[in-house]
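A quick write-up on the structure given underneath.
The values are calculated or read from the model by the stated rules, or taken from the named source; none is laboratory data. These numbers come from a predicted model, not from an experiment. With ideal geometry, Cβ positions are generated from the backbone for all residues, glycine too; neighbour counts draw on all protein chains shown.
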Amino acid sequence: MSSFNEFGLTGPVIQSINNMGFEEATPIQEKAIPIGLSGKDLIGQAHTGTGKTAAFGIPMVEFFDVEREQIQGVVITPTRELAIQVAEELNKIGQVKGIRTLPIYGGQDITRQIKALRNRPHIIVGTPGRLMDHMRRKTVRLNQVRMVVLDEADEMLNMGFIEDIETILTEVPEERQTLLFSATMPGPIQTLARRFMRSPEVIRIEGRQVTVPNTEQSYIEVEEKQKFDVFCRLLDIQSPDRSIVFGRTKRRVDELFEALNKRGYSAEALHGDLTQSKRDFVMRRFREGTVDILVATDVAARGLDISDVTHIYNFDIPQDPEGYVHRIGRTGRAGKAGKAITFVTPREIHHLKVIENMTRGKIARKPIPTIKEAIEWQQRLAVDKLLLAVENGDTGNYKGLAEGLLEEIDAVTLLAAALKVLTKESDRTPVILTEERPLRARQNKNEIAGQKERGYIRGGSGNKGAERGGGYKGKSRFGNRTF
């Protein structure tokens, strides 16, 4: 990997990078920064967490003139959370030089944003809808923009923002530099690039494998009615430090959140019906570690940049391969190992194979964990807690009490009682979740006939009530593949 000193950056930018604690460039930064500094257009296939904000932010700050108090750069993001996070990092990169970045997004009072725009930021980071609103009001003028960045372009496609992006790009001077970043490259994104970019350089960080290499992927085939009990056993066995659980619908997320808390787990819910203040509260508790399980829909989790997520649980299999890539990209980041476990009902096995084929990765099958295994793991954790306390020497204030107890009770019985108290017992509190209909990948007639013959297909229909307006029907936005 390269040192940032090798890019020929000016002193103020190097100083900001050093202040941020950056030492070596990540692979996306190593490839993208020289292209960005050359003035060429760029398509970068990379996931959140690979360091792509600095990959486009460093060239922006390096190029922009602090004396020109006009909007010189625009970053378009799919969500308000990502807009805020990107703006924060760009402000850190531009701090020493004096390059100012302002996030603008829906859900915040627009008059407050208009007031902030009077401070003449050099870079705007915005969601498409709110950016267009400011353009209509003439509170944002893009006629001096030198660089445009489309961040998480496939997510913006998925959320229906492509027409808005096209409108915005037509208002930006043609003599500009355009950088596009996307975890996947579906057909409509490629079309967008051909229309609005000039001979872009293309970089792909993860080769043919489009999923996260540091993430151990597996699935468990389980009936819908068994999912929650199996999930609780997994939590008891794996004891994740920080995990995100994905549900297909808002109703599913709310029910999962309530069920987990009923059984004594520490969880919060995140979906599109929450107010911004409630979302901020939930995310603060999760980031601070007050709760260690976040239950979320795909829409709510877009743009979240949370470090140290150790486990991803797909309680419901995602609607499409792109969704799978984005979900599991929340773990296994910054070189750390992560785990992604997907629950698949028997009728969704074909859908899993479609995901495997498109992501070009093998998802290993795992057996359903037993109640006995869950109890044994909790017992091991209890033993580890005791041994750690001994190792740390945290027993001084308790030795006298222990000696007194040992005069009345034998050591084995007393230690067994201590382990029993420390061991989390399996909670069997009854929980009933509303069943979600299984997803079904649309196949050609020969595939369907073959599966009927083998007894795999017995009717059923796609899921209804998904957060973005129901299950996929007809053609997918992701090319000719249908779900």
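So which residues in the range 58-117 are of a type in the set (S, T, N, Q), more than 22 Å from T26 (Cα to Cα) and touching a Phe, Trp or Tyr at 6+ places or on another chain (Cβ under 9 Å)? Passing the criteria: Q72, T79, Q113.
Got a number for residues in the range 350-374 being outside any loop (DSSP other than H, G, I, E, B), hydrophobic (A, V, I, L, M, F, W, C) and crowded, with 17+ Cβ neighbours inside 10 Å?
Here is the first cut: in the range 350-374, the residues outside any loop (DSSP other than H, G, I, E, B) are 350-359, 364-365, 371-374.
Checking which are hydrophobic (A, V, I, L, M, F, W, C) leaves us with 352, 354-355, 358, 364, 371, 374.
Now narrow it down to the ones that are crowded, with 17+ Cβ neighbours inside 10 Å: 352, 354-355, 358, 374.
So the count comes out to 5.
Listed by position, the helices (runs of 4 or more DSSP H) enclosed by the range 1-74 that each have at least 3 residues that are surrounded by fewer than 16 Cβ atoms within 10 Å (Cβ to Cβ) are 11-19. Looking only at the range 126-144, residues that are crowded, with 23+ Cβ neighbours inside 10 Å and either in contact with a Leu (Cβ under 7 Å, 6 or more places away or on another chain) or part of a loop (DSSP other than H, G, I, E, B) (or both) come to 2 in all.
Only a single item in (1) under 22 Å from E356 (Cα atoms); (2) within 18 Å of the chain's Cα centre (by Cα) is not met by D151, and it is number (1). From F196, F161, which residue is among the aromatic types (F, W, Y) and under 27 Å from the mean Cα position of the chain (by Cα)? It is F161.
Given the residues F56, F64, which is the only one that is touching a Gly at 6+ places or on another chain (Cβ under 8 Å) and under 20 Å from R120 (Cα atoms)? Please lay out each step first, then the result.
Working: F56 fails: under 20 Å from R120 (Cα atoms).
It is F64.
Pairs please, first residue from the range 89-104 and under 23 Å from R141 (Cβ atoms) and assigned to a helix (DSSP H, G or I), second anywhere and at pLDDT 95 or above and of a type in the set (S, T, N, Q), Cβ atoms under 6 Å, 6+ apart in sequence or on different chains. Qualifying pairs under 6 Å: L90/T101; N91/T101.
To keep it simple, each residue is scored yes or no on (1) of a type in the set (V, I, T); (2) farther than 30 Å from E89 by Cβ; (3) in contact with a strand residue (DSSP E or B) (Cβ under 8 Å, 6 or more places away or on another chain).
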{"residue": "F231", "(1), (2), (3)": "no, yes, yes"}
{"residue": "P240", "(1), (2), (3)": "no, no, yes"}
{"residue": "R248", "(1), (2), (3)": "no, yes, no"}
{"residue": "D254", "(1), (2), (3)": "no, yes, yes"}
{"residue": "K262", "(1), (2), (3)": "no, yes, no"}
{"residue": "V299", "(1), (2), (3)": "yes, no, no"}
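Counting the residues of the range 267-293 that are modelled with pLDDT of 90 or more and loosely packed, with under 13 Cβ neighbours inside 10 Å gives 1.
Note on the range 308-344: among residues that are of a type in the set (K, R) and under 16 Å from D241 (Cα atoms), the one that is surrounded by the fewest Cβ atoms within 10 Å (Cβ to Cβ) is K336.
Go through the residues of the range 91-101 one by one and say whether even a single one is of a type outside the set (S, T, N, Q), touching an Asp or Glu at 6+ places or on another chain (Cβ under 8 Å) and assigned by TED's automatic domain parsing to the domain that holds G11. No, there is no match, as no residue in the range 91-101 is of a type outside the set (S, T, N, Q), touching an Asp or Glu at 6+ places or on another chain (Cβ under 8 Å) and assigned by TED's automatic domain parsing to the domain that holds G11.
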